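Scroll down for the structure; my scribbles are underneath it.
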Amino acid sequence: MTRPSLEGPLTKWTNVMKGWQHRWFVLDENSGLLSYYTSREKMMRGVRRGCVRLKGAILGIDNEEDGNFTITTDSKTFHFQARNLAEREVWVRALEDTILRHAVFTHEHQVQPIVFLRKHMPHQLLKVHFEEEEDCSYETNMKKFDNRISQADVLLQMLIEQTQSLDSQIDGIEDESLKSQLGKLSHNYNLLVGGVKLAIVLLQILKLQHQHQQQQPRRGSRELLPSDDNTSETQSYTEPTPGTIELGSDCLNNPILMPAVIESLSHVASPEGMTLIVPPEIVPETSYSSSDDDEDFFDADDDLNSSVTANRTTSANFIVGNGVKESSSTQLTNVPGTSKKSSSSGASSPPVRIDGSLDYDALYEDDEDQSDISMENHGSMITHLLSQVKIGMDLTKVVLPTFILETRSLLEMYADYFAHPDMFVSIADKKTPKDRMVQVVKWYMSAYHAGRKSTVAKKPYNPILGEIFQCYWNIPGFTETADSTPVDDGPMPWCTRGQLAFIAEQVSHHPPISAFYAECVAKKICFEAFVYTKSKFLGLSVGVHNIGHGTVHVLDFKEDYVLTFPSGYGRSILTTPWIELGGTVTISCKKSGYNANIEFHTKPFYGGKKHRITGEIYGPSEKKPFITISGEWNGVMESKNAETGRVEVFVDVLKTPVTKKIVQSVFEQKENESRNLWKDVTAGLRLNDIDKATMAKTMLEQKQRDEAKKRRDTGTSWETKLFYEKSEGDWRYKTPLSSRQEDSSYITSVREQ
């Protein structure tokens, strides 16, 4: 028996147990095998649980978890955990040496395997195979591919965050020598980020191309290598040039995909001295386990079972939140493969009014999720879009195609956060500061689910400068018995004292800033906020950071609750798009001293659930929360009382009825009101006439440009109608409820905070 090179205990992830299991591992450098057993005694008796072949394997480490590392081989990824960093280092060095020892270089395949990139790649690299095996269907392969791409997206975002953190630390260093050294490190990080981004884009391009070849799938791995015109497509490879990103012959010869690839290459430099290659297929003796399912571990399983089918009808709507601009100087022109008009023959007849004209109100009130546009119909459009952007790029400089739009303005989306008006106004009914803080948190945590109308990520219209949206709600159990006197000096003169009125205005276009205000006179409560949206391209995701804050004013108690907003993310924008919220938000009341921390959790790398939210509410000067909350922001949230230990439902948004907002008819609205401005775009999208929607959107954009040019020529500046900028970046409603109350001696101090 060959003497083992290294042996000892490690923990290994198994899908069967959905967790980590202790195993005894034996590394044999001569045979290139990493064998594992359920115990050392089983190893002594030769009862092997499984083995991992290291020939052509890829090692990866996790910089966030000191003990974690992975081995990718035979199209499987094995996850291991050492007890500490030092122990992991011993295993990784031994495994790396073994992999290099068994690396095979033949005359036909002059491609070195990608192995461990120490301290430069925080997680494993992925070897991707497009192959048709007897025991693996096309649909299963594509599902695995989508999951691997989702993993890469998560890793890329982590790398971007690390790079940004490094850059911010470098800026604060005064030692020029140290600053110069770290600057070089930052440069290398940025090169790595660019290379990873490009690799992801190229893989997606190959996927789109492969989907067109489903009828005659090719066996073997796709290799990103240059190809001469006379080069055969089978078993012919050219030696790679160091420091280059290489393209396969299929990609080079494809007239649709190649322009986007060239454009993408022009934006992203590859890491120096590193060639991003997917190695050619080698058919080794496969690694195995006593349970095949034991190794099918997807770190970011996105539940795509229903989305990856033989017909593959994936949604085309893909952006979350806002701050991503539909108009800019960069235009998407002459893009092949774009869909001009939906060919759906099952489209319903457009709604009409009594006079025979199109009923725009009915189009807006139709809440049916329209997700029947196939992403594949727009594949080259998305590829072309990707070619315009760089990692971390502000997407306000990028034009997005019309078909991704949701049929409402961003200003209207903010209004939908008040879809539970009874929960909001009941803040003023609570008798103690403690109960009021709890009610503020309850309303806040229940607000976001109503702002998202569908499970797929769609992009609201980007409001134009001066755009206004206004609406109101009848408050269940209150409005019908409350004072019905109209509020003549309120945001909407036709609203009564017992209704909740809302109004929003786009106060700035560069940067995009929205301000909004809501009030209920009878309850003496109001809310004002401003949000500056800043969007970033993150590879396979789009991140939208909501900068700004809101304030709940409870006039009877002279309390102000200041709150912040989470970031939004549009994930998997090239496959099945979905939305999630992430980040820490705070709610605080300066007068009472109560405060709360709320965490919107993004989906973790190792398993986990989507849309998780947790919260803690603290009393004045207390370090321990008196209530902790956990659950899903679009589902059920539970609270636990620290004193009694009692656990109860905090809020269940699935069972809490949504109160429909009341909006004036489009035909009665002013020219600058949201639904009137965007009515033709909405009609085009609802009736599947993309040409009409695009034309209407272009006319709006051109009108905005003409007005901006006129202001420049005349030397005038834009003046807001409803809000004013009290200080830089702090927008306030001009006539809030507090300033209109007769007995409001505290108002001055409130407004000056």
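The values are calculated or read from the model by the stated rules, or taken from the named source; none is laboratory data. Owing to the predicted nature of the structure, the values given are computational and were not obtained by experimental measurement. With ideal geometry, Cβ positions are generated from the backbone for all residues, glycine too; neighbour counts draw on all protein chains shown.
Hey, does region 574-585 have a residue that's of a type in the set (A, V, I, L, M), under 30 Å from HIS79 (Cα atoms), in contact with a Ser or Thr (Cβ under 7 Å, 6 or more places away or on another chain) and part of a loop (DSSP other than H, G, I, E, B)? No. Counting residues in region 507-518 that are buried (at least 22 other Cβ atoms within 10 Å of the Cβ) and of a type in the set (S, T, N, Q) gives one or more. Might you check whether a residue that is among the acidic types (Asp, Glu), assigned to a loop (DSSP other than H, G, I, E, B) and under 13 Å from GLU467 (Cβ atoms) occurs anywhere in region 671-686? Yes, region 671-686 has at least one match.
Here GLY583 meets the list (1) surrounded by fewer than 22 Cβ atoms within 10 Å (Cβ to Cβ); (2) of a type in the set (Gly, Ala, Ser); (3) modelled with pLDDT of 95 or more almost entirely, failing just condition (3). Look at (1) exposed (fewer than 12 other Cβ atoms within 10 Å of the Cβ); (2) in the same structural domain as VAL507 (by TED's automatic domain parsing) and you find that GLY645 fails only one, number (2). Among the residues of region 477-499, those that are free of Cβ contacts under 8 Å to residues at least 24 places away in the same chain and buried (at least 21 other Cβ atoms within 10 Å of the Cβ) comprise THR479, CYS495.
Of the listed requirements (1) in contact with a Leu (Cβ under 8 Å, 6 or more places away or on another chain); (2) touching a residue at least 40 places away in the same chain (Cβ under 8 Å), GLN664 misses just one: (1). For region 698-720, the candidate set comprises residues that are surrounded by 12 or more Cβ atoms within 10 Å (Cβ to Cβ) and hydroxyl-bearing (Ser, Thr, Tyr); within that set, the residue that is nearest to the chain's Cα centre (by Cα) is THR698.
The set of residues in region 695-742 that are among the aliphatic types (A, V, I, L, M), in a helix (DSSP H, G or I) and within 30 Å of ASP488 (Cα to Cα) contains only LEU737. In region 495-504 there is at least one residue matching the filter, namely being β-branched (Val, Ile, Thr) and either more than 21 Å from ARG732 (Cβ to Cβ) or in contact with a Cys (Cβ under 7 Å, 6 or more places away or on another chain) (or both). Among the candidates TYR448, TYR461, the residue that is of a type in the set (Phe, Trp, Tyr), assigned by TED's automatic domain parsing to the domain that holds GLU701 and out of contact with any Ser or Thr (no Cβ under 7 Å at 6 or more places or on another chain) is uniquely TYR448.
Residue-level check: of (1) of a type outside the set (A, V, I, L, M); (2) under 29 Å from the mean Cα position of the chain (by Cα); (3) assigned by TED's automatic domain parsing to the domain that holds PRO493, PHE650 misses just (3). Restricting region 556-573 to residues that are in a strand (DSSP E or B) and closer than 21 Å to ASP730 by Cα, the residue that is farthest from the chain's Cα centre (by Cα) is GLU559.
Looking at region 21-86, the strands (runs of 3 or more DSSP E) lying wholly inside it that each contain 3 or more residues that are within 35 Å of the chain's Cα centre (by Cα) sit at 58-61, 68-73, 76-81. The lone criterion from (1) among the charged types (D, E, K, R); (2) in contact (Cβ under 8 Å) with a residue 60 or more places away in the chain; (3) surrounded by 14 or more Cβ atoms within 10 Å (Cβ to Cβ) left unmet by ASP680 is number (2).
A quick yes/no check of all residues on (1) touching a His at 6+ places or on another chain (Cβ under 8 Å); (2) at pLDDT 85 or above:
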{"residue": "SER5", "(1), (2)": "no, no"}
{"residue": "VAL16", "(1), (2)": "no, no"}
{"residue": "ARG23", "(1), (2)": "no, yes"}
{"residue": "LEU27", "(1), (2)": "no, yes"}
{"residue": "GLY32", "(1), (2)": "yes, yes"}
{"residue": "TYR36", "(1), (2)": "no, yes"}
{"residue": "ARG40", "(1), (2)": "no, yes"}
{"residue": "GLY46", "(1), (2)": "no, no"}
{"residue": "CYS51", "(1), (2)": "no, yes"}
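Among the residues of region 683-697, the ones that are without any contact (Cβ under 8 Å) to a residue 40 or more places away in the chain and surrounded by fewer than 17 Cβ atoms within 10 Å (Cβ to Cβ) come to 1 in all. Looking at ILE173, ILE160, which one is modelled with pLDDT of 85 or more, surrounded by 14 or more Cβ atoms within 10 Å (Cβ to Cβ) and either in contact with a strand residue (DSSP E or B) (Cβ under 9 Å, 6 or more places away or on another chain) or not in a helix (DSSP H, G or I) (or both)? Residue meeting the stated conditions: ILE173.
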